[in-house]
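First up is the structure itself, then whatever we jot down about it.
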């Protein structure tokens, strides 16, 4: 059931959403077509002109459906720490990183001096210090764990330590080494004016360190796994932003109580697991890039590769808990078949399949209407056909990503098995397709960011190393868990209708 959006919020259409008719919206994540009533269209016009959500229950429900569908982004009323009743506390887990802790404490003292801070020393060899920085209203409270338990256990230690009298409404977890920016926490906390919001994450930008290789600094500036991009979004599996890291993450304390905190058996992926459990509990999770923090890069190439490998290794444990949410790709079977035919050089068959899927989706989403409504149905049919065609073409990127980050061994075996029976034309296309899968993403990245000065060969080599290190982790975790769930694709198509099709 959709939760209403409270009064006072503003709405704007999400990037990429189209409105071919006043009563039709196309977009979201996953892509869907939403049909509005005439009244709903008028309400949306008012919001887009700058009016906030009002007190009408129906309008609030409509706003909630639009943001849950990912076709609209909420703008909360401003947060003022001096007047709000919302209480928050910042938690910093740390182990053997005194310099990173000092950096983070200094930035928090400069940007958020009014927020109490708890430092959890997770069994460091030398006890972590946490002296009060200039500008801070109180010295950080330090909790020490004698035996290291990992980031999840350290965060749970802080969460369990609050007495009822000083228990905050929101806990903001920040990793040691993170540097906060002015206004970041106010932007995040403003979203908790919506009671349905369980967690909010800022944008985590990469920050080059003094000892970080320049190649890693340039690459992480655009390809950091912690950076979810410049656009706000709802966070949930199978969407554009499917997870957010706990390098910086605000969680409602009541949600932590309800879910039991972080899973301490997970060494990596504990943040993804908790965020997905928040989603399953029916709470909203928002990614808000208007709030920004920075995180230091890895200082050596082996450490950088180990990070990617560890992320990949977390896929199998997550798959055992969340099933297909961890799938390396969510794609239509028709799109997979289209690109399979292209890779074999069967372009006529691929074109025929693309045409068929366009017609089939248009027919599925439309039906006969009275003459007065036939024009709208024609527009819908054209838009659905366009969705199918564009969807087939755009699926190239996620399919190539899955081949590089999960499916290289079976794809190579399949290609080797088919090779003897292929005609010369098919072999040429298969070779070109394989080369494009490996090289095209890196070349595309390099072209967009070539002003940074890194050459195409080095950029492509880092992109390949990034993807294959992650894939090695995925396979290692799958063998360890004796399950291929983390390698299985999830099939689906764009939604032509939804529960939010007629919100008002």
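The alpha carbon convex hull volume per residue for the range 283-354 rounds to 215 Å³. For the range 421-455, backbone nitrogen atoms closer than 20 Å to the point 7 Å from residue 394 Cα along Cα-to-C-beta are found at 441-442, 444-445, 448.
Label sites at residue 422 and residue 223, each approximated as a point 7 angstrom past Cα along Cα to Cβ, lie 2.5 nm apart. Applying 1/(1 + (r/R0)^6) with R0 = 51 Å to the Cβ-Cβ distance of residue 254 and residue 434 gives a FRET efficiency near 0.50. If R0 is taken as 25 Å, the Cβ-Cβ distance between residue 280 and residue 87 corresponds to a FRET efficiency of 0.40. Over the range 197-318, what is the percentage of antiparallel beta bridges among all DSSP beta bridges, to the nearest 5? So the antiparallel bridges in the range 197-318 amount to around 25 percent. Each peptide among 411-423, 243-255 gets the average number of other Cβ atoms lying within 10 Å of its residues, and from highest to lowest they stand as 243-255, 411-423. Considering only beta bridges that DSSP places wholly inside the range 88-299, some 30 percent are antiparallel. Packing around the peptides 146-152, 305-311, taken as the average count of other Cβ atoms within 10 Å per residue, puts them in this order, highest first: 305-311, 146-152.
State the three equivalent ellipsoid semi-axes of the range 88-299, derived from the C-alpha gyration tensor as the square roots of 5 times its eigenvalues, in descending order and whole Å.
23, 22, 17
Counting 0.36 nm for each residue step from residue 386 to residue 412 and taking away their Cα separation leaves a gain of 6.1 nm. Site pair residue 324 and residue 21 shows an inter-label distance of 3.0 nm when each label is modelled 7 Å from Cα along Cα→Cβ.
With a ≥ b ≥ c the root eigenvalues of the C-alpha gyration tensor of the range 179-249, is it rounded (a/c under 1.5), prolate (a/b larger than b/c) or oblate? Oblate, since a/c reaches 1.5 and b/c is not below a/b. Label positions at residue 464 and residue 360, each projected 7 Å from the Cα along the C-beta direction, are separated by 3.6 nm. Given a Förster distance of 45 angstrom, what is the FRET efficiency for residue 376 paired with residue 210, based on the Cβ-Cβ distance and rounded to 0.05? E(calc), rounded to 0.05, equals 0.15. Extension gain for residue 7-residue 490 works out to 170.2 nm (0.36 nm per residue, less the C-alpha to C-alpha distance). Per residue, the convex hull spanned by the alpha carbons of the chain comes to 163 Å³. As a rough guide to protection, the peptides 35-47, 328-340 ranked by mean Cβ packing within 10 Å, highest first, stand as 328-340, 35-47.
For the chain, give me the percentage of DSSP beta bridges that are antiparallel, rounded to the nearest 5 percent.
45
Counting only Cα atoms, the size of the range 10-75 along its three principal axes is 29, 23, 19 Å, in decreasing order. Here the extension length gained between residue 38 and residue 348 equals 107.3 nm, from 0.36 nm per residue of separation less the Cα-Cα distance.
Values in this text are rule-based calculations from the coordinates and carry no lab data. Quick caveat, the model's predicted, so the values are computed rather than measured. Glycine gets a Cβ as well: all are built from the backbone with ideal geometry, and neighbour counts include every protein chain shown.
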